[in-house]
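Novice: One structure, as structure tokens, below. Some questions next.
The values are calculated or read from the model by the stated rules, or taken from the named source; none is laboratory data. The structure displayed is predicted, hence computed values, not measured ones. As a convention, Cβ positions derive from the backbone with ideal geometry for all residues, glycine included, and neighbour counts pool all protein chains shown. When the accessible area is computed, the model is the full protein with side chains, heavy atoms only, and any ligands, DNA or RNA have been set aside. Shrake-Rupley method; radii C 1.70, N 1.55, O 1.52, S 1.80 Å.
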Amino acid sequence: MICLDATVVNVAVPDIRASLGASLNEAVWVNSAYALCYAVPLILAGRLGDRYGPKRVFLTGLAGFTVASLACALAPSASVLIAARAVQGLAAALIAPQTMSMIVHMFPAGRRGRALGVWGAVGGAAMAAGPVIGGLLITWTGWRSIFLVNIPVGIFGWVAAMRLVPDWRPARGHCLDLWGIALSSVGLTALVFGVQSGEAYDWSTVAGPVTIPSILTFGALCLAVFVWWQHHNTREPLLPLRLFRNRNFSAASTAGGAMGAAMGGLFLPLMIYLQSGLGYSPLAAGAATVPMFALSSLCARLAGKRSDTASPRALAALGFALLIAGTAALAWLLHPGISLWALMPSLLAAGAGVGLVSAPLAGIATRTLEPSLAGAASGVFNTTRQLGGAFGSAATGVLLQAHLGNTPTAATQAALAFPVAMLLIGLACCTVVGPAAKA
């Protein structure tokens with residue numbers, strides 16, 4: 001549901017604007033509110049799982065997500081819809097780290113790869129299904145049905161988790177780092193808002209003396225103070241910095257951030273080109289990526305299963321190499337008049353790369369960590385990917401704007417150079433993973 005709702009709304013934007021009389025800015029914030037409220041609390045949500053047990057936090061988030069989906073479906077105005085989407089994002093943030101944390105608790109390191117493969121495959125399948133399911137539901141019953149479909153899934157998932165998932169709880173109580181929560185929340189909110197909204201405000205004035213650069217600077221300062229406080233907090237910091245002493249976790253998190261940036265940067269120019277350059281409808285453009293994500297889902301499951309007996313580092317490196325090749329080929333091939341069939345091999349190579357990276361990278365990040373840090377590690381790992389995605393979308397948007405004075409093809413090729421650079425960083429990170437992640 002989390003992955004589906006991150007993509008399904010894109011197809012519904014025109015209908016939402018027509019139905020609610022929303023402005024373009026309000027329509028953009030239907031997605032941005034979800035992404036912002038999902039990215040910011042992930043570290044805190046992971047830590048809450050460490051304190052109260054991942055199952056209880058997961059159930060709370062799933063209940064909140066289901067209720068918020070109903071509120072989205074019944075929203076009488078754009079402002080109510082944006083508020084409900086924000087609550088939906090907060091609930092999604094409670095869910096996401098717990099899924100990875102529960103896998104860490106339930107499976108030993110030697111059997112964790114297969115479970116993480118299924119975990120990655122579900123995400124890939126949801127990303128593939130989002131635009132198509134959204135288009136079909138909107139065509140048949142209207143945009144409100146894209147949120148109503150979450151309700152039976154949420155109820156079934158809640159009952160199943162309640163009955164079937166073990167209720168792991170910490171052996172000792174954990175205290176909450178209130179200063180850490182405040183500093184990280186404010187810093188991440190400013191940073192994500194600045195990156196997401198920079199293009200909308202032309203990277204200048206937002207209101208009065210407040211500008212996008214000042215918001216980004218303020219966010220960076222808050223995060224710097226947050227890191228200083230985590231280092232000096234003698235009780236129980238929100239983010240245990242000893243996580244980053246683990247070379248596997250540090251490299252996997254950096255690679256995950258690079259992967260998020262590349263994926264966030266890949267689809268903006270690709271969707272624009274398919275619609276503006278090749279004349280595809282939004283639904284057709286979304287459907288064109290379905291084979292890519294379907295292959296990604298299949299490869300994620302196979303890579304997860306294989307990583308229990310083979311080197312996850314080698315699988316992740318192969319995935320990054322395929323992603324680099326596929327994205328670079330897209331940048332080279334995209335010219336007016338090219339058919340989708342000519343682009344399909346590059347899209348499939350990129351899809352296979354995404355699948356081969358996802359599960360092994362998560363396994364590398366958690367393989368040598370102590371279970372008491374599973375929640376914090378899951379929160380950080382997911383946060384780096386979300387921040388990377390926001391940064392990637394913004395960076396490619398800037399590159400597109402800078403080159404639109406030439407031709408759409410030149411702009412798209414320039415924008416796709418950014419994902420290739422990020423993927424090279426991810427590939428480099430895979431080379432520094434320690435011996436414990438090799439087998």
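Novice: 7 Å from Cα along Cα→Cβ at both Met344 and Tyr52: what's the point-to-point distance in nm?
Specialist: In this crude label model, Met344 to Tyr52 measures out at 4.8 nm.
Novice: Counting only protein heavy atoms and using a 1.4 Å probe, what share of the accessible area of the chain belongs to carbon plus sulfur, as a whole percent?
Specialist: Within the chain, the accessible surface is 70 percent carbon and sulfur.
Novice: Taking 8 Å as the Cα distance limit and 6 or more residues as the minimum spacing, I'd like the relative contact order of the chain as a percentage.
Specialist: 24 percent.
Novice: Oh, and also: Grab the Cα-Cα distance for Ser372 and Ala63, subtract it from 0.36 nm times how many residues apart they are, and report the gain in nm with one decimal.
Specialist: Difference between extended and current length: 108.7 nm.
Novice: What distance in nm separates the two pseudo spin-label positions at Gln275 and Glu199, each 7 Å out from Cα along the beta-carbon direction?
Specialist: Placing both labels 7 Å beyond Cα along the Cβ direction yields 1.1 nm.
Novice: While we're looking at this one, here's another question. Starting from the Cα of His335, step 7 Å along the direction of its Cβ; do the same at Ala428; then give the gap between the two resulting points in nm.
Specialist: 3.2
Novice: Further question on the same structure: Choose one answer from Gly157, Gly363, Gly265: the residue with the largest mean-square fluctuation in a GNM of the chain with alpha-carbon springs under 10 Å.
Specialist: Gly157
Novice: Once the other residues with Cβ under 9 Å from the Cβ of Ala376 are scored (Lys, Arg +1; Asp, Glu -1), what is the net sum?
Specialist: 0
Novice: Here's something else I'd like to know. Running a GNM on the chain with Cα contacts under 10 Å, which residue among Thr289, Thr234, Thr412 ends up with the highest mean-square fluctuation?
Specialist: Among Thr289, Thr234, Thr412, the largest GNM mean-square fluctuation belongs to Thr234.
Novice: Based on the Cβ-Cβ distance of Ala410 and Thr211, what FRET efficiency does E = 1/(1 + (r/R0)^6) give at R0 = 30 Å, to the nearest 0.05?
Specialist: Rounded to the nearest 0.05, the efficiency is 0.50.
Novice: Rounded to the nearest 20 Debye, what is the dipole magnitude of the chain about its Cα centre when Lys and Arg each give +1 and Asp and Glu each give -1 at the C-beta?
Specialist: Dipole about the Cα centre, nearest 20: 1420 debye.
Novice: Related question: With bins 10 Å wide starting at 0, give me the P(r) of segment 100-201 over every alpha carbon pair, in whole percents.
Specialist: Histogram of Cα-Cα distances, whole percents per bin: 11, 20, 30, 32, 7, 0.
Novice: Work out how much length Ala310 to Ala284 would gain on full extension: take 0.36 nm times their residue separation and subtract the Cα-Cα distance, in nm to one decimal.
Specialist: 5.5 nm
Novice: May I pose another question? Taking the Cβ of Phe391 as the center, what net charge do the other residues with Cβ under 15 Å away carry, scoring Lys and Arg +1 and Asp and Glu -1?
Specialist: Here the charged neighbours net out to 0.
Novice: Test of understanding: in a Gaussian network model of the chain with alpha carbons linked when under 10 Å, which of Gly123, Gly257, Gly208 would top the mean-square fluctuation ranking?
Specialist: Top of the fluctuation ranking is Gly208.
Novice: Would you mind giving the average projected area, over all directions, of the Cα convex hull of segment 302-391 in nm² with one decimal?
Specialist: Approximately 7.2 nm², given one-decimal rounding.
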